[in-house]
Amino acid sequence: MKKYLVSLTAVLCLLLTACGLMSKTEDLSDEEVVNTLVQALQQGDYEGIKPYVSDDNPLHQLFANTDEAVGGDLAPVYKACLEKAKDITCTAKAVEGKEAWGTVDVTMTAPNYYSAFHDAMAAALVEDVETGSGAFYDLPGWMAQALEGEGETLEESWQLHVGNRDGEMVMDTNTNREFFTALCGGLKSYLNASMTTCTFPDGTEWVLAAQGDEIVAIIRTESISGASQYAPEDLEAVIQAFEAPYETQEGLFAHGEVQGDLLVSRMGVDMETASSFTLVQMGLIDKQTTAGSNGHLSLSATISGFTRDGANCVTETFKPAQPET
């Protein structure tokens, strides 16, 4: 009887392909690893993706943020972006002679909404400068609006590399960075997006849109009392004098208006299209770069400077606060 049970166990193990060895990613070829990962993304199968990516891969954050408990107000944006992944097409073929290095030629077409996100942000920026509606601050709103459109179709080819990690075949994030960025559909830069409001004692307010530490757009609002002391034509001249310098500058927007006894001025900057040199010359930023070799305007450095000057700064990520560990 004991011998029979041992034999039965052996048969079951064979049926399960060596007691589960078939489930190991090492049983897949390099090109199969790429295809399996892409197919899992197309199906929204997070568990199917995990075995093939490193812990630092942006796909982890993308999937995690589809849960409202993690992604908060941005969860619908992440869900909508993942839905677009169904339209990805991909072909993968191992490079002859480079099999030992796990080199795979990959051609992919994928939806990409990076430009749509920027255009939606820029439209909200202009609207807010003109009306003070608050549309610029509504990051989840303008991102969701961007995803309602067609977006663009990215067509790219890469030589990717599949490696071995603890006996499992995986794709290193940094080595294949452009590929994984493309898989995120243009959302990668917004995985750590935030809006920061800095208010000074005199009421001047700065609203800063950022991707991680990089400020991508700004609105500054100032209010000066005493408007009722001036004749209408004088106020009109003051407003025109304020708006005029911005009218010929790409990526810069300005609007002035009278609200009761207040003269309100709003200035907006789209950092993607505005010239940093012009911003320095106009005194809007104190130097062209504030974050090392990347050459971007640093959110952390700007907040530190504003705080030293007496501002109160609050950053909103539109996600629930996570418990401290």
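The values are calculated or read from the model by the stated rules, or taken from the named source; none is laboratory data. Every value quoted in this text rests on a predicted model; they were computed, and no experiment measured them. Cβ sites come from the backbone with ideal geometry, for glycine too, and all protein chains shown count toward neighbours. For accessibility, only protein heavy atoms count, side chains too; no ligands or nucleic acids. Shrake-Rupley method; radii C 1.70, N 1.55, O 1.52, S 1.80 Å.
Quick notes
- Failed item in (1) part of a helix (DSSP H, G or I); (2) within 23 Å of the chain's Cα centre (by Cα), with SER157 passing the rest: (1)
- In the stretch 74-113, the residues that are modelled with pLDDT of 95 or more and on the phi > 0 side of the Ramachandran plot: none
- Only one of the listed residues (GLU148, GLU130, GLU178) is modelled with pLDDT of 95 or more, under 21 Å from the mean Cα position of the chain (by Cα) and surrounded by fewer than 16 Cβ atoms within 10 Å (Cβ to Cβ). That residue is GLU178.
- Scanning the stretch 275-314 for residues that are open to solvent by 70 Å² or more (accessible area, probe 1.4 Å) and modelled with pLDDT of 80 or more yields PHE277, GLN281, THR307, ARG308, ASP309, ASN312, VAL314.
- The single residue among LEU37, LEU59, LEU41 that is touching a Cys at 6+ places or on another chain (Cβ under 8 Å), within 15 Å of MET171 (Cβ to Cβ), modelled with pLDDT of 95 or more and in a helix (DSSP H, G or I) turns out to be LEU59.
- The stretch 71-107, subset buried (at least 18 other Cβ atoms within 10 Å of the Cβ) and in contact with a strand residue (DSSP E or B) (Cβ under 8 Å, 6 or more places away or on another chain), residue farthest from ASP138 (Cα to Cα): GLY102
- When the stretch 114-130 is limited to residues that are touching a helix residue (DSSP H, G or I) at 6+ places or on another chain (Cβ under 6 Å) and touching a residue at least 24 places away in the same chain (Cβ under 8 Å), the one that is farthest from ALA209 (Cα to Cα) turns out to be ALA116.
- Hits in the stretch 119-147 - residues which are closer than 16 Å to VAL216 by Cβ, small (Gly, Ala, Ser) and not in a helix (DSSP H, G or I): ALA135
Rundown of residues vs (1) without any contact (Cβ under 8 Å) to a residue 40 or more places away in the chain; (2) out of contact with any strand residue (DSSP E or B) (no Cβ under 6 Å at 6 or more places or on another chain), yes/no style:
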site: GLU150; (1), (2): yes, yes
site: LYS188; (1), (2): no, yes
site: LEU191; (1), (2): no, yes
site: THR199; (1), (2): no, no
site: ILE218; (1), (2): no, no
site: GLN229; (1), (2): yes, yes
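- Residue that is nearest to VAL314 (Cα to Cα), among those in the stretch 207-239 that are of a type in the set (A, V, I, L, M, F, W, C) and open to solvent by 30 Å² or more (accessible area, probe 1.4 Å): ILE224
- When THR196, THR173, THR181 are checked against the criterion of being assigned to a helix (DSSP H, G or I) and polar (S, T, N, Q), THR181 stands alone in meeting it.
- ALA94 vs. criteria over 23 Å from the mean Cα position of the chain (by Cα) and of a type in the set (Gly, Ala, Ser): yes
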